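The values are calculated or read from the model by the stated rules, or taken from the named source; none is laboratory data. These figures come from a predicted structure and were not determined experimentally. A quick note on method: Cβ atoms are made from the backbone with ideal geometry, for glycine too, and the neighbour counts reach across all protein chains shown.
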């Protein structure tokens, strides 16, 4: 056998192919051993879908977030919501659930902690400390609210009470003394409290029941404040502080499933109540499970489509098996390397298997095409493998190297996720290439029925042994049979089409070239319609309960679900910042120890009002009689005020108030009419009993709450302090929520800008996202430039001439233009994930140009032959890569959908440009040269 | 000799006439006021409020104004939930009455609300009554410029009395004396936080009327667009319309 007198590289590929083809059993046995070892190593891999990894580790906000997590336990909570029509039932269930979850332990967690205890949660908050609120509740109200309360609580009899409520509404909100705008929650709270009183009156029955209702009503007046109810009062929120930080995937993998088991029990116990949960820990666990499932499902889909394509295109029944083998081996080796070097898969690398199926099968396709050519020429298997290695080996090697080099360049980026993506995909390309070179000749050699190859007895024995536990040998035997009957080395499907295309291009290169350029130029018009979606919630998984609940919390609580946070070192600083931030109209809510210890100056201002309230309620004695008609007039006046408030809210865009009033007035139509009727019919004694119980109970509560004592640090109960102060009492934690959905254009968020200007060390996921988006824009460009430079240098090294190197880059440049044009045409937004994979198009797309140019040289510039051979192979490789990436478009995780679409279009465009425009250009340049 | 003298005089005139004919800031402001002082007008317009969150509200409003915007009567025609609700705005937002169609009541609302947002839009009451330029602002001519391809005078206006704004930069059309672009600045800020634009100007009964008005809140990333659907000049508009009791009609 003569060896082509060409490069040393070609010689090495041929020698490897020869050895593999001549010693298939040894090669396969060694492969099996290495692969089994790799599988064992890779079994330790975990999928960790955290956004923290996307941000550079030296980012101050990340460092601060991690410091806060260590100092205060988890910096973010799991949110558990309870939904029921009855408020009292929700409160009862919340107390029960909170008590149980506080005691919940896990041996697995104890083991990880290295100590006896394995509590799932450090704390579970279902309500504020009742005693503290009962003692100091009114001191915590805003001064403006206290002024109004003073008037309302002047007389707790029903008629003067309702009258005061109406006067207050008319003067304050309808009268415009205070804008609804900044006080929506306050307005809604007021509406809810007064509606509760009216609802209790609506239910009056016996005298005893009337008194009980009065007591309950008054008790609930402030009791609801202790709980975190939604605006419509149909959802109650519990905050669960997990005993691990948000990046501890092992502990999250224990806590979240156990919590879910518990929730299933509660669902059975209370079938009329809805239990849901969310929070970053939950979303991460959901994403991990969904990504793992996605990865398996999509891998299988991609696999299946590609294998069908193999059979159709190569007309070779065994080809799917060989491809499967090569890919599985390559992926297994890659996953083992991922486990060794990194230890986990992240948002970007979770879909590595799917991507490698598309990328890795290319090598097999090129090799098999060249192998079939050799067999067509009458060569035996070994010789054909050597021939294939010679013809396609360099192209495969250069293609793999350039793609892998681009991937490794991503490791220069300042983002961990991108670094890991570069490493895992880069290694994956090399491992699948290695698997192709090593395994394919061996397997092809074993599969050819015409070969007179003697299989040792012990191999036959092992195969039959394996047949007991696996069907693989049976399948091989079946394939052998099918090959004997149907196998043919006739021209593989599609070759004629490519030959004809090549001939057409050879005859009319100018026309083809100009038409192609014109089409791309025309499509470029749509580039201007591209846009970037900053909202990371839009790339989360659709249909996930945890993600949907987050959005619902924004709607039902009128606050963004995710806060920003910062730590301070003394109480006074905490109080001053709290007060300053709370005043800003972009801020929805601020939580800190200062929520329970207002500034001293503010407390002093409130004292006179508290004294007045206490004097008023102290002097109050419940009236015996009720002027029924007057009361009904006040109830109707209240309804009128609500109707006017609703129209004002509709005009002034006060959506929360408008929605609440819609529920009160529209959904409960007829309530006021039936209430009026009941008030006319109910006996005087019942009304009096209600008034007496209501007034006395409220008097007791208010007297206590209006105690004119200042609150200081020592008064705050330890359980409450624990939420906001670290164990050494040296730092204070504050969380602040935006009024608007923080995920909608976070880089333009006034809230984030204001918080960053006000507090230098503010942190939290919204802050990372702003930094991440800015970094992606910067690093994405850097990664692209570095990739282009590296690619160019490698290709220049390969071709040793500028012209072919530049021509090989042409498909890339035009493909990028086309890709941006198509996404603009489709108006499909780019996002943080899809932007980061743009360098992949460079690394993958360069293959096409490299292969075509290599083959162009080898075939002595005969374009029809180039396209017939390499063109067909490129079609297959591009098709498989597009299928591999395109299958991501069916992922649940929306980030993958965008990634898949961008890569699908980019690779497709690369292919079309490579087989249409590049050959035309080559022909034109060649004609010009002559 | 005489010819030489005449030539010299002629060249002096040529050089200095443009300068002599240039308007002062006071004159420009006076012309702006005159252009805005429509004695009476009825308008039907569509108001679209686009918020940063992406949500939007669309209202159809009928308005009657007197003496510029000194007195305004606004009646909401659409959507159904606010149809019939009307507002009477007097004294640049110092006195506002509302009629609620849901209850049939006329209520006095918001005293001294001029700095408050008007009915949820990006306009404040102060913005709507920004026609008494001479009285309320100190004006300085900054030069000439082009905005929306129209030659404009560029003015700096500093409020004489307490205002939400520290200064305004106004580009006024040189022919029609209508502000085409206004940038609003808060105290100590170099960047405008609100921007007002008018376009599609049509002269009706010698008064320029903008059929498209946009106010953008650059901080909030929200904007309010007013699209005039119908305009009718009413020089003899009945002053009796601008009383609270008329709101019920």
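A few comments on the model shown:
- For the range A:223-256, a residue qualifies if it is over 22 Å from the mean Cα position of the chain (by Cα), surrounded by fewer than 20 Cβ atoms within 10 Å (Cβ to Cβ) and more than 23 Å from residue A:134 (Cβ to Cβ), and the qualifying residues are A:230, A:232, A:234.
- Any chance residue A:719 is part of a helix (DSSP H, G or I), out of contact with any helix residue (DSSP H, G or I) (no Cβ under 6 Å at 6 or more places or on another chain), without any contact (Cβ under 8 Å) to a residue 12 or more places away in the chain and farther than 30 Å from residue A:841 by Cα: no
- Condition check for residue A:752: within 14 Å of another protein chain (Cβ to nearest Cβ), outside any strand (DSSP E or B) and buried (at least 20 other Cβ atoms within 10 Å of the Cβ): yes
- Positions within the range A:626-685 being more than 20 Å from residue A:232 (Cβ to Cβ), over 41 Å from the mean Cα position of the chain (by Cα), free of Cβ contacts under 8 Å to residues at least 24 places away in the same chain and at the interface with chain B (Cβ under 9 Å from one of its Cβ atoms), in sequence order: A:640
- For residue A:588, the stated conditions hold: it is in contact (Cβ under 8 Å) with a residue 24 or more places away in the chain, in contact with a strand residue (DSSP E or B) (Cβ under 9 Å, 6 or more places away or on another chain) and not in a helix (DSSP H, G or I).
- Test: residue in the range B:72-95 that is at pLDDT below 75 and away from chain A (no Cβ under 14 Å): yes
- Residue within the range A:78-96 that is surrounded by 15 or more Cβ atoms within 10 Å (Cβ to Cβ) and in a loop (DSSP other than H, G, I, E, B) present: yes
- Within the range A:908-921, the set of residues being more than 40 Å from the chain's Cα centre (by Cα) and surrounded by fewer than 24 Cβ atoms within 10 Å (Cβ to Cβ) comprises A:921 only.
- Candidate set: the range A:97-146, residues that are modelled with pLDDT under 85, part of a loop (DSSP other than H, G, I, E, B) and in contact with a strand residue (DSSP E or B) (Cβ under 9 Å, 6 or more places away or on another chain); chosen: the one farthest from residue A:261 (Cα to Cα): A:128
- Members of the range A:555-574 found to be surrounded by 23 or more Cβ atoms within 10 Å (Cβ to Cβ) and part of a helix (DSSP H, G or I), listed by number: A:574
- With respect to (1) assigned to a loop (DSSP other than H, G, I, E, B); (2) more than 16 Å from the chain's Cα centre (by Cα); (3) within 14 Å of chain A (Cβ to nearest Cβ), the lone exception for residue B:107 is condition (1).
- If you check A:19, A:13, A:65 for being modelled with pLDDT of 85 or more and either touching a strand residue (DSSP E or B) at 6+ places or on another chain (Cβ under 7 Å) or not in a helix (DSSP H, G or I) (or both), only one passes: A:65.
- Residue count for the range A:794-811 satisfying the condition of being part of a helix (DSSP H, G or I) and loosely packed, with under 15 Cβ neighbours inside 10 Å: 3.
- Residue in the range A:782-793 that is outside any loop (DSSP other than H, G, I, E, B), closer than 21 Å to residue A:60 by Cβ and either modelled with pLDDT of 85 or more or away from chain B (no Cβ under 14 Å) (or both) present: yes
- Hits in the range A:89-134 (condition: under 28 Å from residue A:707 (Cβ atoms) and without any contact (Cβ under 8 Å) to a residue 40 or more places away in the chain): A:95
- In the range A:766-778 there is no residue matching the filter, namely being over 30 Å from residue A:810 (Cβ atoms), at pLDDT 85 or above, surrounded by 20 or more Cβ atoms within 10 Å (Cβ to Cβ) and out of contact with any helix residue (DSSP H, G or I) (no Cβ under 7 Å at 6 or more places or on another chain).
- Within the range A:694-704, not a single residue is at pLDDT 90 or above, closer than 20 Å to residue A:147 by Cβ, more than 14 Å from every other protein chain (Cβ to nearest Cβ) and not in a helix (DSSP H, G or I).
- Yes/no for residue A:335 being surrounded by fewer than 22 Cβ atoms within 10 Å (Cβ to Cβ), under 27 Å from residue A:13 (Cα atoms) and in contact with a helix residue (DSSP H, G or I) (Cβ under 9 Å, 6 or more places away or on another chain): no
- Residue count for the range A:129-174, restricted to those that are within 48 Å of the chain's Cα centre (by Cα) and within 14 Å of another protein chain (Cβ to nearest Cβ): 7
- Filter pass, residue B:177 being away from chain A (no Cβ under 14 Å) and either modelled with pLDDT under 90 or surrounded by fewer than 17 Cβ atoms within 10 Å (Cβ to Cβ) (or both): no
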